[in-house]
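Accompanying notes for the structure given below.
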Amino acid sequence: MSWQSLKATVLVACCAAMAGCCSAVQDEPAPSNTTSPNTTVQDTTFQDTVEPSVRYVPLDAPAGMSQAVVVEGFPLVYTRQLLPLGREGKLVGEGSAEQQIGQVLANLKTVLDAAGSGLGKLVRLNVYADSPETADRVREQLSRQLDAAVRPAITAVVSPLPHPKALVAVDAVAIAAEKGDAVALERCEAVAGDKDCADAAVMPRGGVVYLSGQPDKSPRVEATAKSLTKLLEIVDQLKLERSQIVQLKVFVDSPKDADEVLREVKRLFPGQITPPVVFAEWIASAPVEIEMIAHLPLAAGKPAQTVRFYTPPGVKPSPTFSRVALVQTDRQVYISGLSARAPGDGEAQVRDVFAQLKHILSETGSDLRHLVKATYYVSDDDASTMLNKLRPEFYDPKRPPAASKATVHGVGHADRTLTMDMIAVGSGR
(Lines give C-alpha, C1' and ligand atoms only; values in the text may rest on other atoms or scores of the structure.)
Protein backbone atom coordinates (compact mmCIF):
# COMPACT_ATOMS: atom_id res chain seq x y z
CA MET A 1 0.00 0.00 0.00
CA SER A 2 1.45 3.39 -0.92
CA TRP A 3 1.81 6.29 1.48
CA GLN A 4 -0.60 8.33 -0.61
CA SER A 5 -3.32 5.67 -0.40
CA LEU A 6 -3.18 5.43 3.36
CA LYS A 7 -5.71 7.63 5.10
CA ALA A 8 -3.33 8.50 7.91
CA THR A 9 -4.31 10.92 10.61
CA VAL A 10 -1.55 13.33 11.52
CA LEU A 11 -2.32 14.96 14.83
CA VAL A 12 0.06 17.66 15.98
CA ALA A 13 -0.41 18.03 19.71
CA CYS A 14 0.61 21.57 20.60
CA CYS A 15 0.64 21.08 24.33
CA ALA A 16 1.74 23.54 26.97
CA ALA A 17 5.17 23.30 28.53
CA MET A 18 5.62 20.43 30.90
CA ALA A 19 4.96 20.90 34.57
CA GLY A 20 6.75 19.00 37.29
CA CYS A 21 6.55 15.36 38.21
CA CYS A 22 3.16 13.80 37.51
CA SER A 23 1.24 11.87 40.14
CA ALA A 24 1.83 8.15 40.20
CA VAL A 25 -0.95 5.98 38.79
CA GLN A 26 -2.17 2.87 40.57
CA ASP A 27 -1.28 0.03 38.21
CA GLU A 28 -2.97 -3.27 37.59
CA PRO A 29 -1.18 -6.42 38.85
CA ALA A 30 1.87 -7.08 36.71
CA PRO A 31 1.86 -10.12 34.44
CA SER A 32 4.85 -12.43 34.51
CA ASN A 33 8.01 -11.13 32.86
CA THR A 34 9.06 -14.52 31.56
CA THR A 35 8.13 -16.45 28.43
CA SER A 36 8.79 -20.11 27.93
CA PRO A 37 11.71 -20.67 25.55
CA ASN A 38 9.54 -23.25 23.79
CA THR A 39 6.81 -20.71 23.00
CA THR A 40 6.29 -19.96 19.33
CA VAL A 41 5.91 -16.22 19.55
CA GLN A 42 4.01 -15.82 16.28
CA ASP A 43 1.24 -18.15 17.48
CA THR A 44 0.50 -16.25 20.67
CA THR A 45 0.21 -12.67 19.47
CA PHE A 46 -2.46 -10.76 17.64
CA GLN A 47 -2.92 -7.70 15.46
CA ASP A 48 -5.72 -5.16 15.53
CA THR A 49 -7.13 -3.71 12.34
CA VAL A 50 -6.69 0.02 12.82
CA GLU A 51 -6.50 3.10 10.66
CA PRO A 52 -2.80 3.98 10.33
CA SER A 53 -1.87 7.18 12.13
CA VAL A 54 1.08 9.24 13.31
CA ARG A 55 0.78 11.80 16.09
CA TYR A 56 3.52 14.32 16.80
CA VAL A 57 3.54 15.50 20.44
CA PRO A 58 5.79 18.58 20.61
CA LEU A 59 5.10 19.67 24.22
CA ASP A 60 8.04 21.98 25.03
CA ALA A 61 10.47 20.57 22.45
CA PRO A 62 12.49 23.00 20.29
CA ALA A 63 11.21 23.80 16.81
CA GLY A 64 11.62 20.96 14.36
CA MET A 65 11.22 18.09 16.81
CA SER A 66 8.71 16.51 19.19
CA GLN A 67 9.07 15.18 22.70
CA ALA A 68 7.28 12.07 21.43
CA VAL A 69 5.88 10.56 18.25
CA VAL A 70 3.07 8.00 18.41
CA VAL A 71 2.92 5.68 15.40
CA GLU A 72 0.30 3.04 14.70
CA GLY A 73 -0.49 0.76 11.80
CA PHE A 74 2.42 1.56 9.46
CA PRO A 75 5.36 -0.42 8.14
CA LEU A 76 8.60 1.15 9.39
CA VAL A 77 12.01 1.53 7.82
CA TYR A 78 15.19 1.36 9.93
CA THR A 79 18.40 2.73 8.42
CA ARG A 80 22.04 2.00 9.06
CA GLN A 81 24.31 4.72 10.36
CA LEU A 82 24.92 7.23 7.57
CA LEU A 83 28.13 9.26 7.37
CA PRO A 84 28.92 12.46 5.40
CA LEU A 85 30.35 10.56 2.44
CA GLY A 86 29.81 11.22 -1.25
CA ARG A 87 28.77 8.47 -3.64
CA GLU A 88 32.41 7.47 -4.20
CA GLY A 89 32.96 7.04 -0.45
CA LYS A 90 35.00 10.21 0.13
CA LEU A 91 34.32 12.57 3.02
CA VAL A 92 32.39 15.70 2.02
CA GLY A 93 33.11 18.97 3.82
CA GLU A 94 36.21 18.19 5.87
CA GLY A 95 36.24 20.50 8.89
CA SER A 96 32.81 21.98 8.06
CA ALA A 97 29.92 20.85 10.24
CA GLU A 98 27.39 22.60 7.96
CA GLN A 99 28.59 20.82 4.83
CA GLN A 100 28.78 17.46 6.57
CA ILE A 101 25.27 17.85 7.99
CA GLY A 102 24.02 18.69 4.52
CA GLN A 103 25.63 15.56 3.09
CA VAL A 104 24.36 13.32 5.88
CA LEU A 105 20.79 14.55 5.41
CA ALA A 106 21.11 14.15 1.63
CA ASN A 107 22.26 10.56 2.15
CA LEU A 108 19.40 9.93 4.57
CA LYS A 109 16.89 11.30 2.07
CA THR A 110 18.30 9.09 -0.69
CA VAL A 111 18.14 5.94 1.44
CA LEU A 112 14.63 6.68 2.71
CA ASP A 113 13.32 7.54 -0.76
CA ALA A 114 14.71 4.27 -2.12
CA ALA A 115 12.93 2.37 0.66
CA GLY A 116 9.54 3.92 -0.14
CA SER A 117 9.78 6.51 2.60
CA GLY A 118 11.21 10.03 2.84
CA LEU A 119 12.36 12.78 5.16
CA GLY A 120 8.76 13.90 5.56
CA LYS A 121 7.90 10.52 7.07
CA LEU A 122 10.55 10.57 9.80
CA VAL A 123 9.58 9.20 13.20
CA ARG A 124 12.91 9.12 15.02
CA LEU A 125 16.35 10.50 14.25
CA ASN A 126 19.47 9.48 16.17
CA VAL A 127 22.34 11.95 15.86
CA TYR A 128 26.01 11.22 16.65
CA ALA A 129 28.10 14.38 16.62
CA ASP A 130 31.34 15.96 17.76
CA SER A 131 29.47 18.42 20.03
CA PRO A 132 25.97 19.37 21.26
CA GLU A 133 26.20 22.43 19.01
CA THR A 134 26.63 20.28 15.91
CA ALA A 135 23.69 18.14 16.99
CA ASP A 136 21.53 21.27 17.31
CA ARG A 137 22.53 22.33 13.81
CA VAL A 138 21.33 18.96 12.48
CA ARG A 139 17.87 19.68 13.90
CA GLU A 140 17.92 23.20 12.47
CA GLN A 141 18.95 22.07 8.97
CA LEU A 142 16.45 19.24 9.00
CA SER A 143 13.57 21.47 10.10
CA ARG A 144 14.17 23.72 7.10
CA GLN A 145 13.61 20.72 4.82
CA LEU A 146 10.43 19.49 6.51
CA ASP A 147 6.86 20.68 6.63
CA ALA A 148 6.24 22.44 9.95
CA ALA A 149 3.85 19.66 11.00
CA VAL A 150 6.54 16.97 10.70
CA ARG A 151 8.43 16.93 13.98
CA PRO A 152 10.37 13.68 14.60
CA ALA A 153 11.71 12.53 17.94
CA ILE A 154 15.44 13.26 18.09
CA THR A 155 18.18 11.87 20.33
CA ALA A 156 21.75 13.17 20.20
CA VAL A 157 25.00 11.89 21.69
CA VAL A 158 28.58 13.16 21.47
CA SER A 159 30.70 10.38 20.03
CA PRO A 160 33.72 9.79 17.79
CA LEU A 161 32.68 8.15 14.52
CA PRO A 162 33.94 5.34 12.28
CA HIS A 163 35.42 7.91 9.89
CA PRO A 164 38.12 9.84 11.81
CA LYS A 165 37.25 13.19 10.18
CA ALA A 166 33.48 12.85 10.30
CA LEU A 167 31.78 15.35 12.60
CA VAL A 168 28.26 13.94 12.38
CA ALA A 169 26.31 10.79 11.50
CA VAL A 170 22.68 9.72 11.76
CA ASP A 171 20.37 6.75 11.68
CA ALA A 172 16.61 6.91 11.50
CA VAL A 173 13.22 5.24 11.81
CA ALA A 174 10.54 6.38 9.37
CA ILE A 175 7.16 5.37 8.00
CA ALA A 176 7.48 3.20 4.91
CA ALA A 177 5.36 1.85 2.07
CA GLU A 178 4.08 -1.73 2.23
CA LYS A 179 6.61 -4.22 0.83
CA GLY A 180 4.97 -7.50 1.73
CA ASP A 181 4.80 -9.63 4.86
CA ALA A 182 8.54 -10.17 5.28
CA VAL A 183 11.35 -7.82 6.27
CA ALA A 184 12.92 -6.28 3.15
CA LEU A 185 16.67 -5.59 3.46
CA GLU A 186 17.74 -3.02 0.90
CA ARG A 187 21.03 -1.72 -0.48
CA CYS A 188 20.85 1.75 -2.05
CA GLU A 189 23.47 2.05 -4.81
CA ALA A 190 23.15 5.84 -4.84
CA VAL A 191 25.03 6.16 -1.53
CA ALA A 192 28.46 4.86 -0.58
CA GLY A 193 28.25 1.64 1.36
CA ASP A 194 29.05 -2.05 1.61
CA LYS A 195 27.42 -4.28 -1.00
CA ASP A 196 26.93 -6.98 1.64
CA CYS A 197 25.26 -4.68 4.19
CA ALA A 198 21.76 -3.26 4.04
CA ASP A 199 21.29 0.49 4.10
CA ALA A 200 17.70 0.04 5.24
CA ALA A 201 15.33 -2.62 6.51
CA VAL A 202 11.61 -2.23 5.84
CA MET A 203 9.69 -3.89 8.66
CA PRO A 204 6.08 -4.85 7.91
CA ARG A 205 3.42 -3.51 10.22
CA GLY A 206 3.15 -5.67 13.29
CA GLY A 207 5.08 -6.16 16.49
CA VAL A 208 8.74 -5.77 17.31
CA VAL A 209 11.31 -7.43 19.57
CA TYR A 210 13.91 -5.40 21.47
CA LEU A 211 16.92 -7.39 22.68
CA SER A 212 19.11 -5.75 25.30
CA GLY A 213 22.79 -5.26 24.72
CA GLN A 214 25.10 -8.21 25.27
CA PRO A 215 28.61 -7.11 26.38
CA ASP A 216 31.70 -9.29 26.23
CA LYS A 217 35.18 -8.60 27.63
CA SER A 218 37.15 -10.69 25.14
CA PRO A 219 39.39 -8.96 22.58
CA ARG A 220 37.32 -6.83 20.19
CA VAL A 221 36.74 -9.24 17.29
CA GLU A 222 36.15 -12.21 19.58
CA ALA A 223 33.84 -10.09 21.74
CA THR A 224 31.84 -9.13 18.67
CA ALA A 225 31.30 -12.77 17.77
CA LYS A 226 30.36 -13.77 21.32
CA SER A 227 28.02 -10.83 21.88
CA LEU A 228 26.16 -11.32 18.61
CA THR A 229 26.05 -15.11 19.02
CA LYS A 230 24.28 -14.69 22.37
CA LEU A 231 21.66 -12.50 20.72
CA LEU A 232 21.19 -14.93 17.85
CA GLU A 233 20.69 -17.76 20.33
CA ILE A 234 17.84 -15.76 21.90
CA VAL A 235 16.37 -15.19 18.44
CA ASP A 236 16.39 -18.96 17.99
CA GLN A 237 14.77 -19.50 21.40
CA LEU A 238 11.95 -17.16 20.38
CA LYS A 239 11.54 -19.14 17.15
CA LEU A 240 12.28 -16.10 15.05
CA GLU A 241 14.45 -16.05 11.92
CA ARG A 242 17.61 -14.06 11.26
CA SER A 243 15.84 -12.61 8.25
CA GLN A 244 13.49 -10.83 10.70
CA ILE A 245 16.31 -8.73 12.22
CA VAL A 246 15.99 -5.07 11.21
CA GLN A 247 18.86 -3.33 13.01
CA LEU A 248 21.96 -3.95 15.10
CA LYS A 249 23.45 -1.26 17.33
CA VAL A 250 27.09 -1.81 18.24
CA PHE A 251 28.62 0.03 21.18
CA VAL A 252 32.36 -0.17 20.60
CA ASP A 253 35.33 1.14 22.55
CA SER A 254 37.11 2.31 19.38
CA PRO A 255 34.83 3.51 16.54
CA LYS A 256 37.84 3.86 14.25
CA ASP A 257 37.99 0.05 14.35
CA ALA A 258 34.36 -0.32 13.28
CA ASP A 259 35.40 -2.01 10.02
CA GLU A 260 36.89 -5.01 11.79
CA VAL A 261 33.77 -5.29 13.95
CA LEU A 262 31.55 -5.08 10.87
CA ARG A 263 33.52 -7.85 9.14
CA GLU A 264 32.81 -10.12 12.10
CA VAL A 265 29.15 -9.16 12.16
CA LYS A 266 28.86 -9.99 8.45
CA ARG A 267 30.43 -13.39 9.04
CA LEU A 268 27.54 -14.32 11.33
CA PHE A 269 24.96 -13.63 8.61
CA PRO A 270 26.06 -16.15 5.97
CA GLY A 271 23.98 -16.40 2.84
CA GLN A 272 22.15 -13.12 3.36
CA ILE A 273 22.74 -9.41 3.36
CA THR A 274 23.64 -8.07 6.81
CA PRO A 275 20.92 -6.00 8.51
CA PRO A 276 21.52 -2.25 9.03
CA VAL A 277 24.28 -1.58 11.56
CA VAL A 278 24.80 1.49 13.77
CA PHE A 279 27.97 2.30 15.74
CA ALA A 280 28.36 4.38 18.89
CA GLU A 281 31.40 4.73 21.11
CA TRP A 282 31.20 3.62 24.69
CA ILE A 283 33.79 3.84 27.45
CA ALA A 284 33.78 0.48 29.22
CA SER A 285 35.88 -2.51 30.21
CA ALA A 286 34.14 -4.61 27.54
CA PRO A 287 35.20 -3.57 24.04
CA VAL A 288 31.84 -4.39 22.46
CA GLU A 289 28.15 -4.55 23.33
CA ILE A 290 25.49 -5.25 20.70
CA GLU A 291 21.73 -4.75 20.89
CA MET A 292 19.18 -5.89 18.33
CA ILE A 293 15.73 -5.10 16.93
CA ALA A 294 13.64 -7.70 15.10
CA HIS A 295 10.20 -7.94 13.53
CA LEU A 296 7.48 -9.82 15.41
CA PRO A 297 4.65 -10.99 13.12
CA LEU A 298 1.19 -10.63 14.62
CA ALA A 299 -1.93 -12.67 13.95
CA ALA A 300 -5.44 -11.20 13.71
CA GLY A 301 -7.20 -10.13 16.90
CA LYS A 302 -6.45 -8.22 20.07
CA PRO A 303 -3.45 -9.10 22.25
CA ALA A 304 -3.99 -10.03 25.88
CA GLN A 305 -1.20 -7.59 26.71
CA THR A 306 0.77 -5.15 24.58
CA VAL A 307 4.19 -6.22 25.82
CA ARG A 308 5.76 -9.31 27.33
CA PHE A 309 9.22 -9.61 28.84
CA TYR A 310 11.47 -12.61 28.40
CA THR A 311 14.43 -13.89 30.41
CA PRO A 312 16.53 -16.56 28.66
CA PRO A 313 17.13 -19.87 30.47
CA GLY A 314 19.93 -19.74 32.99
CA VAL A 315 19.93 -15.93 33.18
CA LYS A 316 19.06 -14.19 36.43
CA PRO A 317 16.32 -11.55 35.94
CA SER A 318 17.22 -7.96 36.74
CA PRO A 319 14.83 -5.55 38.47
CA THR A 320 16.09 -2.64 36.32
CA PHE A 321 16.22 -4.07 32.79
CA SER A 322 14.73 -6.94 30.83
CA ARG A 323 16.75 -9.07 28.47
CA VAL A 324 14.00 -9.02 25.85
CA ALA A 325 10.81 -7.02 25.32
CA LEU A 326 8.26 -8.51 22.90
CA VAL A 327 5.95 -5.76 21.67
CA GLN A 328 2.61 -7.28 20.66
CA THR A 329 1.11 -4.20 19.05
CA ASP A 330 1.99 -1.95 16.14
CA ARG A 331 1.38 1.18 18.21
CA GLN A 332 4.63 2.57 19.63
CA VAL A 333 5.63 5.79 21.34
CA TYR A 334 9.09 7.08 20.35
CA ILE A 335 10.42 9.57 22.91
CA SER A 336 13.17 12.08 22.18
CA GLY A 337 16.37 11.92 24.19
CA LEU A 338 15.65 13.47 27.58
CA SER A 339 18.15 15.46 29.61
CA ALA A 340 17.61 17.50 32.76
CA ARG A 341 16.06 20.91 32.22
CA ALA A 342 18.77 22.55 34.34
CA PRO A 343 22.35 21.62 35.28
CA GLY A 344 22.70 19.62 38.48
CA ASP A 345 24.33 16.66 40.16
CA GLY A 346 23.58 13.09 39.13
CA GLU A 347 20.59 12.64 41.41
CA ALA A 348 18.97 15.90 40.34
CA GLN A 349 19.39 15.03 36.67
CA VAL A 350 17.98 11.52 37.04
CA ARG A 351 14.94 12.70 39.00
CA ASP A 352 14.21 15.53 36.57
CA VAL A 353 14.47 13.26 33.54
CA PHE A 354 12.09 10.71 35.06
CA ALA A 355 9.67 13.54 35.94
CA GLN A 356 9.69 14.62 32.28
CA LEU A 357 9.32 11.03 31.15
CA LYS A 358 6.28 10.42 33.33
CA HIS A 359 4.59 13.52 31.95
CA ILE A 360 5.29 12.56 28.33
CA LEU A 361 4.01 9.04 28.92
CA SER A 362 0.83 10.42 30.45
CA GLU A 363 0.31 12.66 27.41
CA THR A 364 0.73 9.71 25.03
CA GLY A 365 -1.43 7.10 26.78
CA SER A 366 1.36 5.17 28.43
CA ASP A 367 3.17 4.85 31.77
CA LEU A 368 6.45 3.62 33.24
CA ARG A 369 5.22 0.01 33.30
CA HIS A 370 4.80 0.07 29.53
CA LEU A 371 8.29 1.20 28.58
CA VAL A 372 9.77 -1.36 26.22
CA LYS A 373 13.21 0.00 25.29
CA ALA A 374 15.69 2.31 27.01
CA THR A 375 19.15 3.52 26.06
CA TYR A 376 20.92 5.48 28.79
CA TYR A 377 23.84 7.69 27.82
CA VAL A 378 25.97 8.95 30.72
CA SER A 379 29.17 10.98 30.66
CA ASP A 380 30.32 10.93 34.28
CA ASP A 381 30.40 8.52 37.21
CA ASP A 382 27.92 10.53 39.29
CA ALA A 383 25.15 10.28 36.68
CA SER A 384 25.93 6.60 36.09
CA THR A 385 25.88 5.74 39.80
CA MET A 386 22.69 7.66 40.54
CA LEU A 387 20.92 6.17 37.55
CA ASN A 388 21.70 2.69 38.87
CA LYS A 389 20.64 3.66 42.39
CA LEU A 390 17.38 5.41 41.48
CA ARG A 391 15.95 3.24 38.69
CA PRO A 392 14.37 0.80 41.19
CA GLU A 393 12.25 3.68 42.51
CA PHE A 394 10.62 4.11 39.10
CA TYR A 395 10.40 0.64 37.57
CA ASP A 396 8.20 -2.32 38.38
CA PRO A 397 10.87 -4.99 39.02
CA LYS A 398 8.81 -7.55 37.10
CA ARG A 399 8.66 -5.46 33.91
CA PRO A 400 11.53 -3.01 33.36
CA PRO A 401 12.34 -2.15 29.73
CA ALA A 402 14.98 -3.82 27.61
CA ALA A 403 17.97 -1.53 27.98
CA SER A 404 21.60 -0.64 27.40
CA LYS A 405 23.68 1.90 29.29
CA ALA A 406 26.67 3.52 27.59
CA THR A 407 29.28 5.82 29.07
CA VAL A 408 30.10 8.35 26.36
CA HIS A 409 32.17 11.51 25.90
CA GLY A 410 29.11 13.72 26.07
CA VAL A 411 25.35 13.82 25.74
CA GLY A 412 23.29 15.95 23.42
CA HIS A 413 22.90 18.90 25.82
CA ALA A 414 25.66 21.15 27.14
CA ASP A 415 26.29 21.03 30.90
CA ARG A 416 24.38 17.74 31.27
CA THR A 417 25.74 14.27 31.84
CA LEU A 418 22.67 12.09 31.24
CA THR A 419 20.38 11.50 28.25
CA MET A 420 17.65 8.85 28.27
CA ASP A 421 16.30 7.54 24.97
CA MET A 422 12.99 5.63 25.41
CA ILE A 423 10.28 3.72 23.54
CA ALA A 424 6.91 2.77 25.04
CA VAL A 425 3.58 1.19 24.16
CA GLY A 426 0.11 2.16 25.23
CA SER A 427 -1.05 1.26 28.74
CA GLY A 428 -4.51 0.27 27.50
CA ARG A 429 -6.23 2.71 29.83
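The values are calculated or read from the model by the stated rules, or taken from the named source; none is laboratory data. Everything numeric here is computed off the predicted structure, so don't read it as measured data. Quick reminder, even Gly has a Cβ in these numbers, built from the backbone with ideal geometry, and neighbours come from all protein chains shown. Ligands, DNA and RNA are excluded from the accessible area calculation, which covers all protein heavy atoms including side chains. Shrake-Rupley method; radii C 1.70, N 1.55, O 1.52, S 1.80 Å.
Structure values in brief
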| item | result |
| --- | --- |
| Difference of contour (0.36 nm per residue) and Cα-Cα distance, Leu268 to Asp396 | 42.5 nm |
| Selected from Thr79, Thr311, Thr274 as most flexible by GNM, with the chain as the system and alpha-carbon contacts under 10 Å | Thr311 |
| For the chain: rounded, prolate or oblate by the Cα gyration tensor [a/c cutoff 1.5] | rounded |
| Ratio Rg/Rh [Cα only; Rh per Kirkwood] for segment 101-183 | 0.99 |
| Length-normalised contact order for the chain - Cα pairs under 8 Å, 6+ apart - percent | 20 |
| Extreme residue, positive dipole direction of the chain, given options Ala223, Ser131, Ala198 (C-beta unit charges) | Ala198 |
| Alpha-carbon Rg with Dmax, taken over segment 345-429, Å | 12.6, 40 |
| P(r), alpha carbons of segment 271-332 - 5 Å bins starting at zero, rounded % | 3, 11, 17, 16, 21, 18, 10, 3, 1, 0 |
| Order by protection proxy (mean Cβ within 10 Å, highest first), peptides 413-423, 80-90 | 413-423, 80-90 |
| Viscosity 0.692 mPa s, 37 °C: Kirkwood-radius Stokes-Einstein D of segment 156-211 over Cα pairs, µm²/s | 234 |
| Full-extension gain in nm, Thr229 to Lys316, via 0.36 nm per residue minus C-alpha separation | 29.4 nm |
| Top of Ile273, Ile245, Ile335 by mean-square fluctuation, Gaussian network on the chain, Cα under 10 Å | Ile273 |
| Carbon and sulfur %, accessible surface of segment 299-429 computed with the full protein complex present, 1.4 Å | 51 |
| FRET efficiency estimate (nearest 0.05) - Cβ-Cβ, Asp380 to Ala63, R0 25 angstrom | 0.25 |
| Percent of beta bridges antiparallel (DSSP, the chain, rounded to nearest 5) | 70 |
| Debye-sum result for segment 104-263 in log10 I(q)/I(0), which assumes one identical scatterer on each alpha carbon, at q = 0.10, 0.13, 0.15 Å⁻¹ | -0.42, -0.72, -0.97 |
| Computed over segment 48-151, Kirkwood Rh from alpha-carbon pairs, angstrom | 14.9 |
| Shape category assigned to segment 241-282 from the gyration tensor of Cα positions, a/c cut at 1.5 | oblate |
| Projected area averaged over orientations for segment 287-429, convex hull of C-alpha atoms, nm² | 9.5 |
| For segment 171-268: rounded, prolate or oblate by the Cα gyration tensor [a/c cutoff 1.5] | oblate |
| Most mobile listed residue (Pro297, Pro62, Pro152) in the chain, GNM with C-alpha springs under 10 Å | Pro62 |
| In segment 219-324, lysine pairs closer than 22 Å at Cα, eight or more apart or cross-chain | 15 |
| Euclidean distance of C-alpha centroids, segment 121-196 and segment 340-364, integer Å | 25 |
